Amino acid sequence: MNAIKSKFLYHLIAMVTVAIWGITFVSTKILIQHGLSPSEIFFYRFTLAYLCMWCISYKKLFANRIKDELLLLSAGLCGGTIYFITENTALGITLASNVSLIVCTSPILTTLLSYLFRRKEPFTRHLVYGSIMALTGVGLVVFNGSFILKINPLGDVLSLTSALMWAFYSLILKQLDSHYSVIFITRKVFFYGVLTILPMFLFRPFNWVNDLMMQPAVFGNLLFLGIIASMLCFIAWNACVKELGAVKSTNYIYIIPLVTLLTSAIIIDEKITWIALAGCILILCGVYLAERKTNPTFEVEY
């Protein structure tokens with residue numbers, strides 16, 4: 001019974017985490033409108049998160065093995081620098097609907113990669129059908145009644161790269177979580193995220209403007225992104241991947257467009273259509289179906 005309650009708690013944590021990440025799209029958009037670049041926003045949020053993490057995890061500096069340290073570097077690149085840069089760059093050159101829809105293929109990519117490389121997590125019919133249902137719902141939410149699909153090869157490839165990076169990030173965590181604490185892994189991810197974003201400022205110099213940074217909208221959103229959406233949410237997400245597995249955790253990514261849609265309607269008065277509401281229902285039903293346990297005879301044996 002305690003084990004069931006524990007699993008339920010981590011499912012709940014995963015849902016809350018992705019719900020907060022759904023809000024970050026609106027928060028990031030506000031910061032961009034105030035003149036901050038995507039690279040600067042990423043640098044601020046990960047630096048703030050790292051400094052906060054250092055206050056609670058500072059004794060252990062390096063991993064036990066060079067291989068593990070390289071995996072942590074890879075996690076910082078995949079779940080941090082490359083993910084955010086490819087996603088934000090894609091938003092600048094193609095439709096936001098394209099980006100949102102393609103990035104939400106991350107759960108499917110995670111499932112496929114997990115099966116190909118690890119072969120340790122369940123691959124069930126419910127998982128497949130639920131993923132298809134949720135992705136269909138994502139499509140309805142993203143387009144929100146306006147079915148415009150503009151093919152932009154570069155933008156779409158960048159979006160797919162972003163989704164693939166998050167899938168790799170979740171799988172890398174599974175390679176590390178049995179050897180290190182969630183707190184240590186999370187702190188190292190932030191460190192390598194900050195370290196690997198620095199070369200970007202060679203192409204676009206870092207620009208600090210005191211008056212801009214002191215504005216409540218800028219200061220407040222950076223605090224939200226750094227402390228809540230980065231530090232707390234990455235700790236929560238890494239813990240969920242450790243307890244639930246990469247596939248089950250990543251399925252909750254489908255909920256992000258739903259939360260973004262609702263947040264946009266409340267904060268910036270974007271219209272919600274009945275098609276988007278139907279998509280919301282499909283997402284919730286799909287995630288529920290994907291997370292259901294099935295008879296072991298339906299699972300692929302590894």
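The values are calculated or read from the model by the stated rules, or taken from the named source; none is laboratory data. From a predicted model like this one, the values you see are computed outputs, not experimental measurements. Glycine also receives a Cβ, built like all others from the backbone with ideal geometry; neighbour counts cover every protein chain displayed. Note: areas computed on protein heavy atoms with side chains; ligands, DNA, RNA excluded. Shrake-Rupley method; radii C 1.70, N 1.55, O 1.52, S 1.80 Å.
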### Query
Which value, in Å², gives the accessible area per residue of the stretch 12-99 when a 1.4 Å probe is used on the protein heavy atoms?
44
#### Entry: Förster radius 30 Å - calculated FRET efficiency between residue 37 and residue 277, Cβ distance, rounded to 0.05
0.30
#### Entry: Backbone HN-Hα couplings from phi across the stretch 64-77 [Karplus 6.51/-1.76/1.60, Hz, Gly and Pro as x]
6, 10, 4, 4, 5, 5, 5, 5, 5, 4, 5, 5, x, 6
### Query
From the cross-link list 29/59; 29/174; 67/242; 67/188; 29/60; 60/248, which pairs have alpha carbons spaced over 25 Å apart?
29/59; 29/174; 29/60; 60/248
### Task
Round to the nearest 10 and report in Å² the accessible area of residue 202, as given by a 1.4 Å probe over the protein chains' heavy atoms.
150
### Message
I need the peptides 231-242, 14-25 ranked by packing, meaning the mean over residues of other C-beta atoms within 10 angstrom, with the highest value on top.
### Response
231-242, 14-25
### Query
Taking a 1.4 Å probe, which of 83, 129 shows the most accessible area, and what order do the others take after it?
129, 83
### Ranked by how many other beta carbons lie within 10 Å on average, peptides 68-77, 204-213, 180-189 from highest
180-189, 68-77, 204-213
